[in-house]
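What follows is calculated from the coordinates using simple rules that are stated; it is not laboratory data. Because the structure is predicted, anything quoted here is derived from the model rather than measured. Note: ideal-geometry Cβ built from the backbone for every residue, glycine included; neighbour counts use all protein chains shown.
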Amino acid sequence: MTQTSASGTTRSANGAAPPAVDLTGLHKYFGHVHAVDGVDLQLSSGEIVAILGPNGAGKTSTIDIILGLSQPDAGRVKVFGMEPRQAISRGLVSAVMQVGGLLRDLTVAETVEYTASLFGGGKDTRQVLRQAGIDNIADRRVGRCSGGEQQRLRFALALLPNPELLVLDEPTTGMDVEGRRGFWAAIRKDAENGRTVLFATHYLEEADAYADRIVLLRRGQVVADGTSAEIKAMAAGRTVRATLPGASEALLKAVPGADSVEVRGETVLVHSSDSDAVARYLLTQTAAKDLEITARGIEDAFIALTGDDAESGAATMGAVQ
Amino acid sequence: MTTPTIVPDISSRRAPGLGGFNLTVLKLEVRRLTRNRRTVIIAIVVPVAFFLLFGLNQTYDKQSVGHGNGNVSAFVMISLALYGAVLSTTFGGAMVSIERAQGWSRQLRLTPLTPVAYIVIKVLTALVLGATSVAAVYIVGAATNKASMSVGLWIGTGFSVWIGSLLFAAFGLFLGYLLPAENVMQLIGLILALLSFAGGLFIPVSQYAQAVQDVAKWTPLYGLNQLVHTPLLGNGVDWTWVVNVLAWLVIFTTGAIWRFRKDTAQV
C-alpha cells in the first residue's frame, strides 16, 4: 500500500506510515507496585483514543513513557517510529498536563514567546493568543490567571509545534461542566485536521462522548480496547427482552450465547454478550415478539471491567464522582 | 464514524539547533530574574549599600595597599562586588528550584530544549545578574571618588570577580536541585553571609582567631576572594587558593549533575 501525505511525499520504505504510538510489552515498576504490566498498544494517525481507568490503573505512567518523561523497565516504545525524545524534539508530540507546568512570574504572552522560541520560533505570539482566545489576558502574569485561563494557555502551548500527536492527561480536572464542554469542542475541532489525540481520563462520559476508541486499563493491564459501544457490550453485554408466552427456562438456556435468562410471566430477559445471536434465535426459532435490545451504560462496563468485584467497583465510582 | 487514513508528514520535521538554546529565552529569563524584587535588592542594592557604609571610611582612601597599586576603599569595593556577584549567580542557579516546584522543568522536557542547553541558559542568566551586580558596585565606587586604582585594575578585578562568580552558579544549581523551593532563597542569603564572613569578604581572615582562620581557609569563598584581590595587592598567587576554587568547583558541579540526573530520572 502506498500512502501519500498532504505535501505529496511518499511515505517510508515499506509504504506504510509508522503508527503514531507503538507500545510493545511495556512494564514499569515503582518499588513493589507494578504500575504498567505488559501493555501493548498501537495508535493509528488520526484516532482519538481515551485511556480510561480508575486512579492507580497506570494511565499516567503509560503516558509518561509515551512522552519520554519516564523510561519503561521492560518493553519497547516508539512514537512515529522513533524514540519519544526524538519525536518531541521534532515537535511531533506535545501534551497538556493537568496541573502546573507554567511559570507564575511570566506573563501569558511571554510564556507563549518562550515556548515558541524553543521550537525554533517564527510564530506570531499575538496570533497564537488570539486563536486560543486569551489575547485579552496577554500581559497578565500566569499566577494571576484562573484555572480555566491557565488551561487554555497550556492548550495554546501544546499546539505551538503543530504536533501530529496531542497527549492530554486528565485535561479537564477542576473545570466546570461548561469549561469541559468548551475544551472538548476545541479538541474535536482541532482533531478534524487529522491530529491524533490520546487522552487519559477517569470521567466515563468524557471517554464515551469524545473518543473514537477507548482503552480500559486496570492494574497496569489493558482489560478492554474498542469503541465505546464495543466496550459496553464486552463488559455488560446487552439485554434482550421479548414477549414469549409459555417460555420455559430450560428451553431458553439453549439460546446461543446466553449468559443468564430470566422469565417474568410472559416476559423473557436474556442477558448476553452476543445479543444478535440471541435475537436471531428468538425471532426465528420461537414465537417471541416485541423484541427489545438494550445496552447497559458505560459506567456499568467500567465497573465490571475495572473492579475486583461489584463492591470495589462501586467504591471506585464513588471516588470518581 | 470512520477514521480517515491520515499520513502525517513527519519526514520534514527537524529539531531546532543548539538544543533549543536561543536569545529570546535568555532575554525572558533575565527579565524573570530581575522581576523578583527581593532578588534584585539582595544581590544589587545590598552590596552597594554595604560599600557606601563600610567602603568610604575617612582613612580608607588615604591607606594604600599593594605597594601603592590602590587604596583600601578599592579593596573593600572588590570584596563587596564579589559578595553581590556570588549572591546573583547563586540566586540565578537556584531558580531551578522554583521551576521544579511549579512543574515548569517537566514542561520543558516536552520541548526540544536539551538539559545541557537549559543549564547553559541558567548559567548565562546568572552571569548577567552577576555582571549587573559588579557593575553597580563599581559604578558607585567610581562615583563616590574614594576607591582608587589604575584603570587596568578596575577592569581586571571587575572581570575576575565576574568570571569567578561562575563557581557560585554551580553552587546555586546544586542547591536548587537539592532543596525545596519554599526556603531555598532565604537559605541562600544566610549561607552566603556566613561564607562571606569565613571567606574574608567583610573582615580580613587574618583578624580572626587562629582556630577560625584554619577552618576559614577551607571554605568556598576564601580562595576566590584571595584570587580576585591578587591583581590589586600584587602579592602573587598562593597555589592553595587555586586548589580551593577548583576543589569547590568540582564539588558543586558534581553535586549539581548528581541531583540533576536524579531529578530528570524520576516520575
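Mean projected area of the Cα convex hull of the range B:23-110, taken over all directions, amounts to 7.7 nm².
When the Debye formula is applied to the Cα atoms of the protein assembly as shown, each taken as the same point scatterer, what base-10 log of I(q)/I(0) results at q = 0.06, 0.11, 0.12 Å⁻¹? Each listed q corresponds, in turn, to -0.46, -1.03, -1.14. Estimated purely from DSSP H runs of n ≥ 4, each contributing -39500 (n - 2.57), the mean residue ellipticity at 222 nm for chain A is -10000 deg cm²/dmol once divided by its residues. Residues whose amide H comes within less than 5 Å of that of B:TRP218, counting only those at least five positions distant or on another chain, are absent (H built at 1.01 Å from N in the peptide plane). Straight-line cross-link reach from B:LYS217 at under 20 Å between alpha-carbon atoms covers these aspartates and glutamates, not counting any fewer than eight positions away in the same chain: B:ASP238. Taking each of A:LYS232/A:LYS289; B:LYS27/B:LYS146; A:LYS189/B:LYS122; A:LYS232/A:LYS253; A:LYS78/A:LYS123 in turn, the alpha-carbon distance tops 27 angstrom for B:LYS27/B:LYS146; A:LYS189/B:LYS122; A:LYS78/A:LYS123. Taking A:ALA258, A:ALA156, A:ALA200 in turn, the Gaussian network model of chain A (Cα-Cα springs below 10 Å) assigns the largest fluctuation to A:ALA258.
Size of the dipole of chain A about the Cα centre, Lys and Arg at +1 and Asp and Glu at -1 on the beta carbon, nothing else charged, in debye to 20? Please list the in-between numbers first.
Values: 32 positive and 40 negative charges, 168 e Å.
In debye, rounded to 20, chain A gives about 800.
Taking N as the residue count of the range A:146-188, its C-alpha radius of gyration divided by 2.2 N^0.38 Å amounts to 1.12.
Would you calculate the convex hull of the Cα atoms in the range B:133-267 and tell me its volume per residue in Å³? Before the final figure, lay out each step's value.
Working: hull volume 18.0 nm³, N = 135.
Once divided by residue count, the hull of the range B:133-267 is 133 Å³.
Using the alpha carbons alone, the radius of gyration of chain A stands to its Kirkwood radius in an Rg to Rh ratio of 1.07.
Roughly speaking, what is the stretch gain from A:THR294 to A:SER273, that is 0.36 nm per residue apart minus the C-alpha to C-alpha distance, in nm to one decimal? Don't skip to the answer; put the middle values down first.
On the way: separation 21, 0.36 × 21 = 7.56 nm, distance 1.15 nm.
The A:THR294-A:SER273 span can extend by a further 6.4 nm.
Which value, in nm² and rounded to one decimal, describes the direction-averaged projected area of the C-alpha convex hull of the range B:19-265? All intermediate terms of the calculation are to be shown ahead of the outcome.
Numbers: hull surface 54.0 nm².
Over all viewing directions, the range B:19-265 projects a mean Cα-hull area of 13.5 nm².
Taking B:LEU129, B:LEU108, B:LEU56 as the candidate residues, the one with maximal mean-square fluctuation in a Gaussian network model of chain B, Cα springs under 10 Å, is B:LEU108. Ratio of Rg to Rh for the range A:11-119: 1.02 [Cα atoms; Kirkwood radius as inverse mean 1/r over pairs]. Its Cα centre serving as origin, the protein assembly as shown has a Cβ charge dipole (Lys and Arg +1, Asp and Glu -1) of approximately 2100 debye.
Put simply, the Cα atoms of the range A:238-295 extend 24, 21, 20 Å along their principal axes, the longest span coming first. When chain B is treated as a GNM with alpha-carbon contacts under 10 Å, the residue of B:VAL45, B:VAL134, B:VAL151 showing the greatest mean-square fluctuation is B:VAL151.
Length available on full extension from A:THR243 to A:THR24: 0.36 nm per residue minus the Cα-Cα distance, which gives 74.0 nm. As a calculated quantity, the FRET efficiency between B:PHE159 and B:ALA181 at R0 = 35 Å, using C-beta atoms, amounts to about 0.60. Enumerate the residues in the range B:150-179 having an amide nitrogen under 13 Å from the point lying 7 Å beyond the Cα of B:ILE41 toward its Cβ. Correct set: none at all.
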